[in-house]
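A.B. asks: Could you have a look at this structure, given as structure tokens, before my questions?
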Amino acid sequence: MPLPQLTIYRHDRQNRALITLAGEIDLESAPLVRAALARCLSDGIRIVDVDLTPVTFCDCSGLNAFLYASQRTTEAGGALRLHHPPPMLGLILDLTDSGFLLLGVPLGHLSLPLEGVPAPAAQASPHRTVPLASVLSGDAR
């Protein structure tokens, strides 16, 4: 069985972590994502920023891992946010109407941005007029 084509980098600063994923997130590699995000919680991290810029593919297995981690992080009093999702994940977020769970910023979590991580976008309204895919691709005005 070939190894999953995914690399995971983690940079911590106090109770915040930047996780950068590179490669493909699918049925084989999603457990690695889930484990890396769970490890953040077990290490006391409560704010997790996930940079997906180098991700070339992400299917619903990846979405499931992110939703699970987001729920666990929220239950622990923290927040998990995705940054720069690839087009396929953007489409899945749009189709499932779950972008507001992973792309928005909850009130009270706007403190001290992590170096090298762009400020997350404002929380999307469930009744938006611009499709999420357009926002993610930068076509929205």
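The values are calculated or read from the model by the stated rules, or taken from the named source; none is laboratory data. Because the structure is a prediction, the values reported are computed rather than measured.
A.B. asks: Looking only at helices (runs of 4 or more DSSP H) that fall completely inside region 15-109, which ones have 1 or more residues that are over 21 Å from Gln5 (Cα atoms), more than 12 Å from the chain's Cα centre (by Cα) and modelled with pLDDT of 95 or more?
C.D. replies: In region 15-109, 30-42, 60-75 are the helices (runs of 4 or more DSSP H) which contain 1 or more residues that are over 21 Å from Gln5 (Cα atoms), more than 12 Å from the chain's Cα centre (by Cα) and modelled with pLDDT of 95 or more.
A.B. asks: Out of (1) at pLDDT below 95; (2) in a helix (DSSP H, G or I), what's the single condition that is false for Pro126?
C.D. replies: Pro126 satisfies every listed condition except (2).
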